[in-house]
Amino acid sequence: MNILVLGAGRMGLGAVFDLAHNSPDVEAITIADSDLAKAEKLVETVGSAKVSAVELDVSDYEKTVELMRGHSAAISCVNYWYNVELSKAAIETNCNFCDLGGNNYIVDKQLALNNEAKAVGINITPDCGLAPGMVSVLAMHGAKRFDEVSEIHIRVGGLPQVPKTALEYQLVFSVEGLINEYIEVARVIRDGKIIEVESMTELEALEFEDFPALEAFQTSGGTSTLPETFLGKVRELDYKTIRYAGHCEKFKMMIDLGLCSSEEILVDYAKITPRRIFGELLTKHLPADEPDYVLVRLDFVGTKNGETKKLRFDIVDKQDETTGLSAMMRTTAFPASIIAQMSAKNEVLERGAIPQEKAIDSDKFVAELTRRNIIIKETLR
């Protein structure tokens, strides 16, 4: 099995590491980036003879097709706006494809390629990171425990182990992705209907053992395709992002001041985009790559054998001191690697461009998470 990883950033590193060190069926891994030196540095960091680096600008469609050809699967760890063209390249080359997603409109365009993907016998699987991603498969995994499920509530967050700055947050993935989550609308199921909810609203407090006060609030993208998948099956479904208490109010104030606006403004006779400036300032002033936690909670309410039951999945993952991989790398890139391999080995429930919760066997997926020491604590009441 030969796997192509596009993008040599944090998540590219996590995916390549998993493919090289946790995946015995993978024979060769190609890491591609527009910056060859960056890709070569990643190869050195991973330390495996299976890995080779190449230079590729994914905006060059013909060169991308040429490189993708001959690989069993490709994992996109580049910005989400490339994923539609990359999906088309995957169909042209009969190469299974998954990505870290994060934008509902892009995902819709990818899923529209279902017939073409099915015709060539591959999987196009968007949104395969953490959330959306791993939690989407876990939502289906938990729902299968019930005869009928009425509620699914998902809470996820990446947190610094030692919070710094007033935001008590560090950058663990693309700043563009972070801003998108905070300003675009969230899609949920309420009273059995899909509706849109403004992000950074509906603040709630929550607790994890041995953690200080935490909060969760609406953000976009986390539910991905789950509302369509569970429409008509559940009464309530939502997703909220977890942060240290106080983060939401501080960040929302900056949004309200227009700092996340993409509309150009004139300053000293020069046109600037507030969002671009704000993104650069966040990158400059927020810490990154320091020890982190990832917290995941899924709460289910349903009936089993005529009785109302409540099921909770909790995951608390932290930076791996042995490998140096952050919790966010492990819980974002490892699931994408698992899904790419399952697609390449035909260990999927269905072929085509379809949501992962429909394509992926959740029992096998959870077994692979456990093998990587990503442990789900289950509580049934």
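Every number here is computed from the coordinates shown, using simple stated rules; none is lab data. For clarity, every value in this text was computed on a predicted model and none was experimentally measured. Quick reminder, even Gly has a Cβ in these numbers, built from the backbone with ideal geometry, and neighbours come from all protein chains shown.
Above 32 Å lies some portion of the pair distances; for the chain, what is it as a whole percent of all C-alpha pairs?
31
Since only 51, 296, 308 are under comparison, the one whose Cα sits farthest along the positive direction of the charge dipole of the chain, derived from C-beta charges on Lys, Arg, Asp and Glu, is 308.
Overall, the chain carries a charge dipole of about 700 debye about its Cα centre when +1 sits on the Cβ of Lys and Arg and -1 on the Cβ of Asp and Glu, all other atoms neutral. List residues of segment 300-318, by number, whose backbone nitrogen lies under 17 Å from a label position 7 Å along Cα→C-beta of residue 147. From segment 300-318, the list is 301-311.
Using R0 = 30 Å, the C-beta based FRET efficiency linking residue 310 and residue 81 works out to 0.15.
Treating only the Cβ of Lys, Arg, Asp and Glu as charged (+1, +1, -1, -1), what charge dipole size does segment 1-131 show about its Cα centre? Round to the nearest 20 debye.
So the magnitude is around 200 debye.
Distances over 18 Å make up what percent of all Cα-Cα pairs in segment 64-109? That tail contains 21 percent of the Cα-Cα pairs. Along its three principal directions, the equivalent ellipsoid of segment 75-211 from the Cα gyration tensor extends over semi-axes of 29, 21, 15 Å, largest first. Measuring max minus min along each principal axis, the C-alpha atoms of segment 151-264 give extents of 45, 44, 22 Å (largest first). Projected onto planes of every orientation and averaged, the convex hull of the alpha-carbon atoms in segment 122-192 covers 7.7 nm². Going from the residue with the fewest nearby Cβ atoms within 10 Å to the one with the most, 190, 297, 312 rank 190, 312, 297.
Entry for segment 1-133 at q = 0.09, 0.19, 0.21, 0.22 Å⁻¹: log10 I(q)/I(0) = -0.22, -1.04, -1.26, -1.37, Debye formula applied to identical alpha-carbon scatterers, no solvent contribution. Indicate the gyration tensor shape class of segment 178-322 (rounded, prolate or oblate), computed on the Cα atoms with a ≥ b ≥ c the square roots of the eigenvalues: a/c under 1.5 is rounded; otherwise a/b larger than b/c is prolate and the rest oblate. It is oblate, given that a/c is not under 1.5 and a/b is not larger than b/c. Here the scattering of segment 160-217 is modelled by Debye summation over its C-alpha atoms, one equal scatterer each and no solvent; at q = 0.15, 0.29, 0.30 Å⁻¹ the log10 of I(q)/I(0) is -0.64, -1.21, -1.22. The mean sequence separation of alpha-carbon pairs under 8 Å and at least six residues apart, normalised by the residue count of segment 127-221, gives a relative contact order of 20 percent. Hydrodynamic radius of segment 274-366 by the Kirkwood approach over all distinct alpha-carbon pairs: 16.8 Å. Dividing the summed helix terms, -39500 (n - 2.57) for each DSSP H run of n ≥ 4, by the number of residues in the chain produces a 222 nm estimate of -10000 deg cm²/dmol to the nearest 500. In loop segments of segment 67-154 as defined by DSSP, the trypsin sites (Lys or Arg not before Pro) with at most 14 further C-beta atoms inside 10 Å of their C-beta are 69, 144, 145. Using the Cβ of residue 300 as centre and a radius below 9 Å, the other residues enclosed give a net charge of +2, where K and R count +1 and D and E count -1. Assuming charge only on the beta carbon of Lys and Arg (+1) and of Asp and Glu (-1), the dipole of segment 134-238 about its Cα centre is about 340 debye to the nearest 20. Measuring nothing but how far apart in sequence close Cα pairs (under 8 Å, 6+ apart) lie, relative to its length, segment 327-381 scores a relative contact order of 28 percent. Per residue, the average separation of C-alpha pairs within less than 8 Å and at least 6 apart gives segment 286-355 a relative contact order of 26 percent.
Work through the residues other than residue 38 whose Cβ is under 13 Å from its Cβ and net out their charges, Lys, Arg +1 and Asp, Glu -1. So the surrounding residues net to -4.
Count Lys and Arg as plus one, Asp and Glu as minus one, and take only other residues whose Cβ is under 12 Å from that of residue 325; the net charge is then -2.
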